Amino acid sequence: MTLSLSAAGLTKIYDGRAVLDGLDFAFQRGKVHAVIGPNGSGKSTLLRLLSLLDPPTRGTVLFLDGEEPAPADISVRRRMAFVFQRPSLFNTTVLKNVEAGLAIRGRPKRERNDVALDALRRVEMEKMADRNGRTLSGGESQRVALARALAVEPEILFLDEPTANLDPHSVRIIGKAIEKLRDGGRTTILLVTHNMFLAQRLADRVVFLFEGRIVEEGEAAAVIERPRDERTWRFLTGELAG
Amino acid sequence: MQEMTSSLVRAFELLLSLDPVLYGIIFLSLQVSGLAVIAAAALGVPAGAGLALVRFPGREAAVSLLNTFMGLPPVVVGLVVYLILSRSGPMGFLGLLYSPTAMVAAQTILAFPIVAALTHAGIASVDPIVKDAIRSLGATTSQAARLVVIEARYAILAAVIAGYGRAAAEVGAVLMVGGNVEGYTRVMTTAIALETSRGDFELALALGIVLLFLSLVVNLALRAVQKRGALVR
Ligand SMILES: Nc1ncnc2c1ncn2[C@@H]1O[C@H](COP(=O)(O)OP(=O)(O)OP(=O)(O)O)[C@@H](O)[C@H]1O
Ligand SMILES: [Mg+2]
């Protein structure tokens, strides 16, 4: 049974300000959730709390393994992966970058190599396996970062604007890789994006975050084409400031 | 000017003739500074890494202290090591004063803060997003520490090379604790100081050339290492 993820009263306070304000939400197992919202609405903060990178000020992140609660520890962290908003590759070869999560899990060298090359093929980066990760372009770098996340076969995958600043070709490759993962149906995906076309194409659900609260949530096409909340509407038409 | 030119010519003749006295001094210098930098690295890299990776009360103060000690005046180090090793000092019974071991000790003390402080700076300046990436891949605390150190490997190597540069160029401390005994504790810097004061420039110049050359090698290595560490798209 794959892991499921929910937030209960999740709150993060920075400098006396609630950046996330008592979020309650259950993400659907195996679905793609597009998290949308203005700059500064708390999307990255939400992903960082859910992925256990940062601790909440109040509230909890809950994991269920089937019906059983799973403790939020290293074993749960090893069932998740994260692609960051900024390039985050290590100063080593592309191949070693993609092998990193597997090495951390103590997987044997041969297997690591095979799995990493397979992950690189999924983002069409296998030809650059021997390049240093830090010499790649922004788009290449994000594709490798996605491969690094895919290599560990996460049950929950966090993608924080993985296609920001990328050209259409890289966006298409990343989109295709996410699509394939979605069709596999075994990975819960949280995709933060400002690209509404991408959100509509990839997401099953859309979560609209505004000022640290979930204002609207629902089926992707419904929220994007026929939002119920006026703020969602104004956000989508570019009239809502953060 | 003429004197300088002829000294220079004879300096090169000395270098080319593989003069045993000259090469004895060069070899001892490499040995003393090499051992000192190995000791400084063995102590300084873990110390710098610990300061960068482990949170404990007084950490900030320790870093400031280390940064201050980067500029330790060699004569002060010489004085302290001298007092410790002198016959009436706490470790006088070892009889190490005026020995190469005493020189290694002095140079280790000089190089240690450099190695430790630069190691600390290198590890502390690893991009936070890289640290996040390591954690997001499921690393335990100790795995994460190891991976961050690996990520900073070029900065750490640069720290060790800088430590060697400091040890090899120094004259005050080794003169005080080594005594500049010919064939025993005379190294390049102390030999240059002595020969110059005697007005005997050819050996001094020959050693100066070697010292400059070594310094060039050290700097080239440093630049190459720093470039590898700073690879950016
Ligand atoms: N470490 C921090 N310290 C202080 N404030 C922070 C910190 N991290 C985030 N914030 C603040 O929290 C708010 C939400 O930030 P967050 O990065 O989650 O927004 P976002 O929705 O991801 O925005 P964007 O679309 O620009 O990426 C912002 O006002 C930001 O300044
Ligand atoms: Mg963000």
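The values are calculated or read from the model by the stated rules, or taken from the named source; none is laboratory data. Treat the numbers as computed from the prediction; the structure is a model and nothing was measured. Using ideal geometry, Cβ is built from the backbone for each residue, glycine included, and neighbour counts are taken over all protein chains shown.
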| query | What is the number of the single condition among (1) in contact (Cβ under 8 Å) with a residue 12 or more places away in the chain; (2) within 16 Å of ligand 1 (Cβ to nearest atom) that A:Gly238 does not meet? | reply | (1)
| note | A careful count of residues in segment A:170-180 that are within 21 Å of A:Ser4 (Cα to Cα) and surrounded by 22 or more Cβ atoms within 10 Å (Cβ to Cβ) gives 1
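Identify, from the list A:Arg112, A:Arg17, A:Arg105, the residue that is free of Cβ contacts under 8 Å to residues at least 60 places away in the same chain and touching an Asp or Glu at 6+ places or on another chain (Cβ under 6 Å). Steps first, please.
Numbers: A:Arg17 fails: touching an Asp or Glu at 6+ places or on another chain (Cβ under 6 Å); A:Arg105 fails: touching an Asp or Glu at 6+ places or on another chain (Cβ under 6 Å).
Testing whether each residue is free of Cβ contacts under 8 Å to residues at least 60 places away in the same chain and touching an Asp or Glu at 6+ places or on another chain (Cβ under 6 Å) leaves just A:Arg112.
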| task | Tell me which of these A:Gln28 doesn't satisfy, since it passes every other one: (1) surrounded by 16 or more Cβ atoms within 10 Å (Cβ to Cβ); (2) under 16 Å from the mean Cα position of the chain (by Cα). | result | (1)
| note | Of the residues in segment A:95-115, those that are farther than 24 Å from A:Leu53 by Cα and crowded, with 18+ Cβ neighbours inside 10 Å come to A:Leu95, A:Arg112, A:Val115
| From the options B:Ala133, B:Ala167, B:Ala145, residue that is touching a Ser or Thr at 6+ places or on another chain (Cβ under 6 Å) and closer than 28 Å to A:Phe158 by Cα | B:Ala133
| request: Please go through segment B:1-29 and pick out each residue that is within 18 Å of B:Val210 (Cβ to Cβ) and of a type in the set (D, E, K, R). | output: B:Arg10, B:Glu13, B:Asp19
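Among the residues of segment A:15-22, is any within 14 Å of ligand 2 (Cβ to nearest atom), surrounded by fewer than 20 Cβ atoms within 10 Å (Cβ to Cβ) and within 29 Å of A:Leu236 (Cβ to Cβ)?
Taking segment A:15-22 first, the residues within 14 Å of ligand 2 (Cβ to nearest atom) are A:19-20.
Still in the list and also surrounded by fewer than 20 Cβ atoms within 10 Å (Cβ to Cβ): A:19.
Subset that is within 29 Å of A:Leu236 (Cβ to Cβ): A:19.
Looking through segment A:15-22, at least one residue is within 14 Å of ligand 2 (Cβ to nearest atom), surrounded by fewer than 20 Cβ atoms within 10 Å (Cβ to Cβ) and within 29 Å of A:Leu236 (Cβ to Cβ).
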| said: Could you go through segment A:168-186 and let me know if any residue there is out of contact with any Asp or Glu (no Cβ under 9 Å at 6 or more places or on another chain), within 16 Å of ligand 1 (Cβ to nearest atom) and assigned by TED's automatic domain parsing to the domain that holds A:Val35. | reply: no
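Mind listing just one residue for me: the one in segment A:152-176 that is of a type in the set (Val, Ile, Thr) and either part of a strand (DSSP E or B) or away from chain B (no Cβ under 14 Å) (or both) and, of those, nearest to ligand 2 (Cβ to nearest atom)? Talk me through it step by step, then tell me what you get.
Of segment A:152-176, the ones of a type in the set (Val, Ile, Thr) are A:152, A:156, A:163, A:171, A:173-174.
Add one more test, that the residue is either part of a strand (DSSP E or B) or away from chain B (no Cβ under 14 Å) (or both), and what stays is A:156, A:163, A:171, A:173-174.
Numbers: A:Ile156: 18, A:Thr163: 13, A:Val171: 17, A:Ile173: 22, A:Ile174: 17 Å.
So, considering only residues that are of a type in the set (Val, Ile, Thr) and either part of a strand (DSSP E or B) or away from chain B (no Cβ under 14 Å) (or both), the one nearest to ligand 2 (Cβ to nearest atom) is A:Thr163.
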| field | Residue that is nearest to ligand 1 (Cβ to nearest atom) [pool: residues in segment A:38-68 that are within 23 Å of B:Leu137 (Cβ to Cβ) and of a type in the set (Asp, Glu)] | value | A:Asp54
| query | Restricting attention to segment B:83-92, does a residue exist that is within 16 Å of the chain's Cα centre (by Cα) and part of a helix (DSSP H, G or I)? | reply | no
| Close pairs from segment A:40-58: first β-branched (Val, Ile, Thr), partner surrounded by 22 or more Cβ atoms within 10 Å (Cβ to Cβ), Cβ under 7 Å, at least 6 apart | A:Thr45/A:Lys12; A:Thr45/A:Leu20; A:Thr57/A:Lys12
| task | Considering only segment B:97-205, give the helices (runs of 4 or more DSSP H) lying wholly within it that have at least 1 residues that are hydrophobic (A, V, I, L, M, F, W, C) and within 14 Å of chain A (Cβ to nearest Cβ). | result | B:100-124, B:128-136, B:141-151, B:153-169
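Just name the residue that is surrounded by the most Cβ atoms within 10 Å (Cβ to Cβ) out of those in segment A:46-88 that are of a type in the set (Val, Ile, Thr) and away from every other protein chain (no Cβ under 13 Å). It would help to see each step written out before you state the result.
Of segment A:46-88, the ones of a type in the set (Val, Ile, Thr) are A:57, A:60-61, A:74, A:76, A:83.
Narrowing further to those that are away from every other protein chain (no Cβ under 13 Å): A:57, A:60-61.
Values: A:Thr57: 14, A:Thr60: 13, A:Val61: 18.
Only one residue tops the list, namely A:Val61.
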| query | Are any residues in segment A:2-20 away from ligand 1 (no atom under 11 Å from the Cβ) and away from every other protein chain (no Cβ under 14 Å), and if so, which ones? | reply | A:Thr2, A:Ser4, A:Leu5, A:Ser6, A:Ala7, A:Ala8, A:Gly9, A:Leu10, A:Thr11
| task | Looking at (1) surrounded by 21 or more Cβ atoms within 10 Å (Cβ to Cβ); (2) away from ligand 2 (no atom under 16 Å from the Cβ); (3) assigned to a helix (DSSP H, G or I), find the lone condition where A:Gln142 falls short. | result | (2)
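Go through segment B:218-230 and report how many residues are of a type in the set (A, V, I, L, M) and surrounded by fewer than 13 Cβ atoms within 10 Å (Cβ to Cβ). It would help to see each step written out before you state the result.
From segment B:218-230, those of a type in the set (A, V, I, L, M) are B:218, B:220-222, B:224-225, B:230; that's our starting set.
Going one step further and asking which of them are surrounded by fewer than 13 Cβ atoms within 10 Å (Cβ to Cβ), we end up with B:220, B:230.
So the count comes out to 2.
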| task | Could you tell me whether segment B:30-39 includes any residue that is surrounded by fewer than 16 Cβ atoms within 10 Å (Cβ to Cβ), farther than 25 Å from B:Val210 by Cβ and of a type outside the set (Phe, Trp, Tyr)? | result | no
